[in-house]
Amino acid sequence: MNAFLRRRSLDRDLEEELRFHLDMKAPEIGDRAAAGRALGNPLLLRERAREAWGWRWLDEVLWDVRFALRTFRKSPGFTATAVLSLAVGIGGATGLFSVVYAVLLNPFPYVDADRIVTLGLIDKGTRRGLFLNARQLVDLQQSDVLAGVIATDIWPMTLTGRDLPEAVNTQYLSANGLTVLGIPPLLGRVFTEADGPPGEQPQRVVVLMYRFWQSHFGGRADAVGQTLQLNHETYTVIGVLPRRYFPTGLDIIVPIHLTFDPNFAWAVQARLKPGLSAGATDAQLQPLFEQFARETPHRFPQDVRAQVRSQVDGLRGADFVPTLLLIFAAALLLLLLACANVSILLLARGASREHEFAVRSAIGATRRRLLSQLLIESLLLALSSAALGVAAGYWGIPAMLRLLPPNSLPAGNLVDVPVSVPVLAFSVGLAMLSALLAGLSPAFSFSRLRVTPLMHGSARTTGGGAEGRRVHHLLLAGQLALTVLLLAGTGAAIRALIGLYQTPLGYDPHNLIVALVNLPENSHTVWADRAAFYEHLREALTRTPQVESVALSTFSGVPPRSGGRSPIEIPGRDMAQSDAPVLQRIGPQYFATVKIPVVQGRVWSESENARAAHVAVVNETMARRLWPDQPAVGQRLRIPEYVKSTSQFTLAAPGSDGWFDIVGIVGDTPNVGLHEPTAPSIYVPYTLMLSDSLTVIARTTRNPLAMTRSIRETVRAVDANQPVNNIRTADDALAAAGWARERFVTLLLLGFAVCALLLAVVGLYSVVSYSVSRRLKEFGIRMALGAGHARIVRLALRSAILAVGVGLLAGLALSLVSNTVLARWSIGNLSDPVVLVAISLVLLGVTLAAAAIPASRAASIQPADALRID
């Protein structure tokens, strides 16, 4: 009954094909009247109208689409497999392109964003920041190459009037900043130069970021005009910015007080005048920079050299870019695998349609018509897959971005990516390309028809002979080679991640909580008052229940990144720049709290810390490197930056001369990241240079995050107006600074590799199934002559095993060649023998298991049934 229904369905399709070709060929028959009588006057009228307007091609396309849809409906298993295969590839490539577009191609939504530049200095080949006072900013504004100059700073403000004081991340901009950047408000207005001219106190106005507006005002339009208590001052909300502007961590923007006090200086951004590029303006600004160096020599190197860099170019040179491009390349590789897989499916499925193609050719279908039909089928598959992939990306990209470690990407620019026009255009173009890649080989293969043998009842030859099998196995080998490359990259990333997890830390990050406390502006401005406040805060936190010990630190924190490098001087020795140690300002309880062992000597006492004694402790690396043949304890060294404070935000202890006595040696910890070897490190009392930013490190007896509320309340009890800016565990800090990005990349590559392996299994299964179906009569004859089950299985698998072997060898060679490029991107070593052997065993095991299923079925058929197959 089923065979009868399938035959009736095929007859109806061929009947429509016959009517269609008679309709299309009516003008060529010569007897239009006969054609009209045969097909009916409406068809003849339609043909004449289409011919008059030149739209006959539209009939062909519409008929091909209808025919393709009927064909897909008859083969739901094939259709679902092909659509899902391409959807995985197109969805992955589209999703990653969304991130690439937002981060690299369109990172800043400003008007003419390529003209927004940052100004810096070149000092001994290294770029450093430029800081100018208000008068210098005014002079720079008069430059012939700049259309606007902006002073910027970032420092939290304290929001009061709620349950607990809250630190809000604040962007300070000169009053013309938002206008120069070209940022339109979502609600209200942005501040202008009239709100804060240089030399005058700015108006108490604030512009809200979108996220802050949603969280604190519920997204209400009446937020404009309301007030906020910031740093004990009343600020009026004048506007709200759209959410794609500025990073997600920012809360509010206020005007900078551009005082003419020369001790105050700010970082500088600018907008170039039209027609100028960043590289062409360095020489024109050089005389002005030399003038600034004469005015404030302490902020400029001796040989000052200006550098103007586009913000866009600076972002594209960030350290995350190679990793992002690597993931995008992996997504494109997965798309190629999906296209190869669909090609294999189309080729295997085409064998069952040989009779259909031959009949259509016999009734007048040209090779172009068949080629067009098959390509339209591929295009419909690709467009359906693209729609499914884009829909998955629309929901999946936000979830993927939430898995990213903090500050690994400027994620504030990724909010509206999935529905952007460029991403949709990319998806459509990708679907067209995928249709060509997946459908071109099957279309050419099955449009080269040899009708006469089929019409005479001989064996089917279209696409199913030796040439068709060669195409199958060539595509399969190529698919497996790309799969091996993706598996090798994933294996190398996993092995590198395992190596990071096994890196010795030298301290215990468990049950450690780290809180950042930034002093409100203009608070505790005297050294003795600030030192007393910090010690009072530590003592109060020590008395908090479930807290074992508390240590304080300024300008440093917990490993693996613990501070900045600082040049030192040792009597009678020339110190190279590379020998500059990592400087950490800490309290005496730091080593006991973090559990870094004291190897030799001692740590300074609390009384020494209180009077800012000039003592220091070094790590083992510094002791070995600088004093390899003599004890480090007892040595003296000088830290020039500790002679006096270089910032108005840092208070130096009275009487500091920069000389330190080394009193102890402690164990090594990863202080410049987990990827790098431990650098020399020196620890000094934090009281020698009191910053307005304090890091509190507490070891607890319970889950550290459960102590968040207690820590905030304790800080408020010490000072009702002092907020806690940020609280996180040392484990989180370790992951963010160490292996979080590597873990994310590894998991993403692992997902791609699993998808690639599944595609390879489907492709191999299809090839073996197709090959077995073509050779069932041969297998029946062999079994009738006495061939056993194992013999038939070997015959069925022989060509597949050859394709797997060729693909595996080609993939291994490709991995070795690619290793020199990918190894630089922290993905690991693709030539690692352990990785290559492991992926080879996995690939062989999985693919041969998939191929053995149809081969075993072929060997289990009865010879009589096989011999009756047409």
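The values are calculated or read from the model by the stated rules, or taken from the named source; none is laboratory data. It should be emphasised that the depicted structure is a prediction, and the values quoted were computed from it without experimental measurement. A quick note on method: Cβ atoms are made from the backbone with ideal geometry, for glycine too, and the neighbour counts reach across all protein chains shown. Please note that ligands, DNA and RNA were not included when accessible areas were found on the heavy atoms of the full protein model with its side chains. Shrake-Rupley method; radii C 1.70, N 1.55, O 1.52, S 1.80 Å.
Observations on the structure shown:
- Net charge in the neighbourhood of Thr281 (other residues with Cβ under 12 Å of its Cβ; Lys, Arg +1, Asp, Glu -1) is +2.
- Residues of type lysines that Lys74 reaches as a straight line, Cα spacing below 17 Å, ignoring anything fewer than 8 places off in the same chain: none
- Whether region 582-736 is rounded, prolate or oblate, judged on the alpha carbon gyration tensor where a/c under 1.5 counts as rounded: oblate
- Charge context of Thr170, other residues only, Cβ under 15 angstrom, K/R +1, D/E -1: -4
- Figure note: Tyr245, Tyr686, Tyr394 ranked by solvent-accessible area, largest first, 1.4 Å probe, ligands and nucleic acids not counted: Tyr394, Tyr245, Tyr686.
- For the pair Val643 and Arg625, label points projected 7 Å from Cα toward Cβ lie 2.4 nm apart.
- Seen through its C-alpha gyration tensor, with square-root eigenvalues sorted a ≥ b ≥ c, region 91-250 comes out oblate because a/c lies at 1.5 or above while a/b is not bigger than b/c.
- Counting only protein heavy atoms and a probe of 1.4 Å, the accessible surface of region 254-347 is 55% carbon and sulfur.
- Gain upon complete extension [Arg602, Ser860; 0.36 nm per residue less C-alpha separation]: 84.9 nm
- Shape descriptor for region 173-322: Rg over Rh equals 1.02 (Cα atoms; Rh from the Kirkwood inverse mean 1/r).
- Theoretical FRET efficiency, 1/(1+(r/R0)^6), r = Cβ-Cβ of Val421 and Arg211, R0 35 Å, to 0.05: 0.90
- Burial ranking of peptide ranges 652-660, 802-810 (average Cβ count within 10 Å, highest at the top): 802-810, 652-660
- Sulfur and carbon atoms: percent of accessible area, region 169-216 [1.4 Å]: 51
- Neighbourhood charge, 11 Å Cβ-Cβ cut-off, centred on Phe260 and excluding it, Lys, Arg +1 and Asp, Glu -1: -1
- Distance in nm between pseudo-label sites at Ala580 and Leu516 (7 Å out along the Cβ direction from Cα): 2.2
- With a Förster radius of 41 Å applied to the C-beta separation of Leu436 and Ile781, the computed FRET efficiency comes to 0.50.
- In a fully extended conformation the segment linking Lys273 and Arg794 would gain 180.2 nm over its present Cα-Cα distance, using 0.36 nm per residue.
- When the Cα gyration tensor is reduced to axis lengths a ≥ b ≥ c, the ratio a/c is 1.5 or higher for region 468-545, and with a/b above b/c it is classed as prolate.
- Heavy-atom accessible surface of region 74-155: percent carbon and sulfur, 1.4 Å: 57
- Counted residue by residue at 0.36 nm each, then reduced by the alpha carbon distance between them, the extension gain from Val754 to Arg716 reaches 8.6 nm.
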